[in-house]
1. Run down D40, D90 and say which single residue is open to solvent by 10 Å² or more (accessible area, probe 1.4 Å), part of a helix (DSSP H, G or I) and within 15 Å of the ligand (Cβ to nearest atom).
2. Checking A2 against (1) among the aliphatic types (A, V, I, L, M); (2) open to solvent by less than 10 Å² (accessible area, probe 1.4 Å); (3) part of a loop (DSSP other than H, G, I, E, B), only one condition comes out false. Which one?
3. Could you run through the range 61-87 and say how many residues are among the basic types (K, R) and surrounded by 16 or more Cβ atoms within 10 Å (Cβ to Cβ)?
4. Quickly run through the range 128-144 and pick out the residues that are open to solvent by 50 Å² or more (accessible area, probe 1.4 Å), of a type outside the set (K, R) and free of Cβ contacts under 8 Å to residues at least 60 places away in the same chain.
5. Are any of the residues in the range 43-60 without any contact (Cβ under 8 Å) to a residue 24 or more places away in the chain, open to solvent by 10 Å² or more (accessible area, probe 1.4 Å) and away from the ligand (no atom under 13 Å from the Cβ)?
6. Quick one: in the range 74-87, of everything that is part of a loop (DSSP other than H, G, I, E, B) and modelled with pLDDT of 95 or more, which residue is farthest from the ligand (Cβ to nearest atom)?
7. Can you tell me which residue among E71, E159, E125 is away from the ligand (no atom under 13 Å from the Cβ), over 12 Å from the mean Cα position of the chain (by Cα) and touching a residue at least 40 places away in the same chain (Cβ under 8 Å)?
Amino acid sequence: MADYENILVEKRDDRVGLIRLNRPKAMNALNGALMTELVDALGVLDADPEIGCMVVTGNERAFAAGADIKEMETSTAVDMLYSDRISLWDRVRDIKKPVIAAVAGVALGGGCELAMACDMIIAAENARFGQPEINLGVIPGAGGTQRLTRAVGKALAMEMVLNNRWLSAEEAYRFGLVSRIFSNELHLEETLRIASEIAARAPVALRMAKEAVNAAFELPLAEGLRFERRAFYFLFSTDDQKEGMNAFVNKREAKWQGK
Ligand code: HXC
C-alpha cells in the first residue's frame, strides 16, 4: 500500500480493509489530496483478492466536516469545472466491493455525501448528518440533493438543504439514512464485525447484489427489475451457486470460491 498522508489504511486478517480519514485538526475536511488518497486506497483494496469489504471511518468528533472550504474559497467556476473535484466522489460510488461508512461525530456537506456514496452507513450515537452548504452560498454538489432526497424523502431533504437542519443518529435511523446505530464505544468494533461477515460471503453474488441495489437508486423500476433478473440468472453460471445450493441441501457449510 502506498504511503498516504491524509488517511490510515489497515488490511485486516478477516478480509476487511479499514480506511481512516486522518486530518483531525481540520475535522477531516475533504481536500483534494485526502480524496485522491481515499479513492486510490479504495481502488487498491477493491483489486485485492484478500479483501472482501471495506470500511471508511473518521474519528470520534468527525467523519468529515465537508469539502475543504479553505481550498475552495477563492476558486472560480472555471477552476471548479476543470478540476472536476466532485468526480472523486463518483469514484467511491464505482468501487465494486461493499463499502461501509462508519460515521461518528459530524458528517456534513461533502462528508455526508461521501457517506452516502458508500453502500451503507452505520452510525455511532453521537453521529450528526447535515448539508450546510446553503450557509456558504452554495448547494450540495456531490449527491446531497439527490441521494439524500431518495434516502429520507423530499420534505426532510428540503429542510436539510434549504435550512441546514441536522439529523441526529436516531433521526437518521428513523428516516432510513443509516442501517444501524451503536454506542460510541462499540461503534467501530461492531461495524468491523458486520464488515467481516459481509467479507466472508460469496464474492460474485456480493458484487451483483451491490450493483442491483444501487440500480434501485439510479434506474426506473422496470429497468432495475430487468437488471436484477439478468444478474440472478447469471449467478447460475458460477461455481458458488452450485456450492451454495448443494451445501444447503446437504446440510453443510458452503465454501466460496469467488467464481
Ligand atoms: C475546512 C474546516 C472545515 C471544512 C472545519 N474546519 N470544517 N476547514 N473545511 N469544511 C476546520 C476549522 O476551520 C478549524 O480550523 C478546525 O477545522 C476546527 O473547526 P471549528 O469550527 O473550530 O470546530 P467546532 O467549533 O467544533 O465546529 C465544527 C464544525 C464547523 C461544526 C464542523 O467547523 C463547521 O461548521 N465546519 C464547516 C462545515 C461545512 O460547512 N461543511 C460544508 C462544506 S462545503 P482552524 O484552523 O480554524 O482551527 C461542501 C461542499 C461539497 O462540503 C461539495 C462536493 C465537493
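1. Going through D40, D90 in turn, the sole match is D90.
2. Every listed condition holds for A2 apart from (2).
3. 1
4. I134, N135, G137, V138, I139
5. Yes, there is a match, as at least one residue in the range 43-60 is without any contact (Cβ under 8 Å) to a residue 24 or more places away in the chain, open to solvent by 10 Å² or more (accessible area, probe 1.4 Å) and away from the ligand (no atom under 13 Å from the Cβ).
6. T76
7. Going through E71, E159, E125 in turn, just one is away from the ligand (no atom under 13 Å from the Cβ), over 12 Å from the mean Cα position of the chain (by Cα) and touching a residue at least 40 places away in the same chain (Cβ under 8 Å): E125.
A quick yes/no check of all residues on (1) at pLDDT 95 or above; (2) surrounded by fewer than 23 Cβ atoms within 10 Å (Cβ to Cβ); (3) within 10 Å of the ligand (Cβ to nearest atom):
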position	(1), (2), (3)
V9	yes, yes, no
N31	yes, yes, yes
T36	yes, yes, no
V99	yes, no, no
G111	yes, no, yes
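The values are calculated or read from the model by the stated rules, or taken from the named source; none is laboratory data. This one's a predicted model, so the numbers in the text were calculated from it and none came from an experiment. Methodologically, a virtual Cβ is constructed for each residue, glycine included, from the backbone with ideal geometry; neighbour enumeration extends over all protein chains shown. Note: areas computed on protein heavy atoms with side chains; ligands, DNA, RNA excluded. Shrake-Rupley method; radii C 1.70, N 1.55, O 1.52, S 1.80 Å.
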